[in-house]
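Read through the structure below, which is laid out as structure tokens, and then see the notes.
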Amino acid sequence: MSPSLSAEPDLPDDVAGEPASGSGATITPYRDGPLIVRGDFRLVDQDGAEIDPGRDTIALCRCGKSGIKPFCDGTHKRSGFSAPSAPSRPRPAAQILRQARGRAGDDRP
């Protein structure tokens, strides 16, 4: 991704612009890069004002150094940003939720 001040940030070379099939969005953290959001999503600021992404697939900044936040402009490559694609350990809240769902399923006839 090259730096840009346009409203349409560049996507990583290996990201297809097609949205995910089905309803909802798919969010993919790219190793050492942005969050790629595909599909049916709505982007809003902290006050609830809608931000027009201009496309169905966008890259959101994870490094905090983009000049066009919340979108990625590729600055993570020059800044040495490093982050895995997946969490290094399971989130406790997610595990608790899975366990609760499993117990709820046990009570069904």
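The values are calculated or read from the model by the stated rules, or taken from the named source; none is laboratory data. Since the structure is predicted, the reported quantities are computational estimates derived from the model, not experimental observations. Don't worry about glycine lacking a Cβ; one is built from the backbone with ideal geometry, like all the others, and counts go over all protein chains shown.
Can you say whether CYS63 is touching a Phe, Trp or Tyr at 6+ places or on another chain (Cβ under 6 Å) and either charged (D, E, K, R) or modelled with pLDDT of 95 or more (or both), as far as the supplied structure shows? For CYS63, the condition - touching a Phe, Trp or Tyr at 6+ places or on another chain (Cβ under 6 Å) and either charged (D, E, K, R) or modelled with pLDDT of 95 or more (or both) - is met. If you check ILE68, ILE96, ILE51 for being touching a strand residue (DSSP E or B) at 6+ places or on another chain (Cβ under 8 Å) and among the β-branched types (Val, Ile, Thr), only one passes: ILE51. Suppose the filter is modelled with pLDDT under 90 and small (Gly, Ala, Ser); does ALA83 pass it? Considered against the rule, which asks whether it is modelled with pLDDT under 90 and small (Gly, Ala, Ser), ALA83 comes out as no. The number of residues in the stretch 45-83 being at negative phi, surrounded by 10 or more Cβ atoms within 10 Å (Cβ to Cβ) and of a type outside the set (Ser, Thr, Tyr) comes to 23. Hey, among the residues in the stretch 76-95 that are in a loop (DSSP other than H, G, I, E, B) and hydrophobic (A, V, I, L, M, F, W, C), which one's farthest from PRO29 (Cα to Cα)? Top of the filtered list is PHE81.
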